[in-house]
Each structure stands twice: as structure tokens, then as C-alpha cells.
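The values are calculated or read from the model by the stated rules, or taken from the named source; none is laboratory data. As the structure is a prediction and not an experimental result, all values here were calculated from the model. Side chains included, ligands, DNA and RNA excluded: accessible areas come from the protein's heavy atoms. Shrake-Rupley method; radii C 1.70, N 1.55, O 1.52, S 1.80 Å.
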Amino acid sequence: MFIYILQCKDGSFYTGKTKNIKNRITRHSRASKYTKARGIDGLVYVEEIADNLAAKREVEIKKYSRTLKEKLINSQNNLANCFDFLRPGSSAG
């Protein structure tokens, strides 16, 4: 399971969990109310986590302040660079 953070075009962050990041982001650009309204600027954070811990971790990150989310995004544990199909500044579709 993956926990991810998307940066929207308005500068806000969206946090979610999925087993397939590419498919989930494609769905976000078409059907997710939050990201469809704001537009996706890029995938800025990814971490891999055991399925049984994912929901708790997602809620934990959603409660983080913007500053804590930015620290997480800039951390060495960020796997977002492994997913080159959606970089900040590119189009999600």
C-alpha cells in the first residue's frame, strides 16, 4: 500500500492511500471532487506501508500542519522520485 500527497494547482495538498498510484491519480484528475476542482500540479510525496497500517497513517498525515507536510515532502524517505509519470508542474490529464 502507498500513502501519497498530491500538490494541487492552488498550492493545497491532498493526502490519500492506494495500491496503484498511477491509476489512482488518473481517477483523481477525472472524478475526485477535491482534486478535480483544484487541478493536480504533481505527486510530491510517496511512502510504502503495510496494508494494515495504511488507514491510520493516512489519517495521521491528513492531520499534519502544512509545515509538517512540507518537512515530510522534503524528507529522505520520500519515494515520489520513483514515480516519474507525474512531476509538479506537469499536467495530470
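One table, with the values for the structure above:
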| item | result |
| --- | --- |
| Accessible surface, the chain, averaged per residue in Å² (probe 1.4 Å) | 60 |
| Per-residue [θ]222 nm for the chain (sum of -39500 (n - 2.57) over DSSP H runs n ≥ 4, rounded to 500) | -11000 deg cm²/dmol |
| Share of carbon and sulfur in the accessible heavy-atom surface of the chain [1.4 Å probe, %] | 47 |
| Percentage, to the nearest whole number, of Cα pairs in the chain over 17 Å apart | 44 |
| The chain: DSSP helices with Cα axial extent of at least 20 Å and average Kyte-Doolittle hydropathy no lower than 1.6 | none |
| Filter on 17/62; 36/71; 36/56; 19/71; 33/71; 36/63 - keep pairs with C-alpha separation over 20 Å | 36/71; 36/56; 19/71; 33/71; 36/63 |
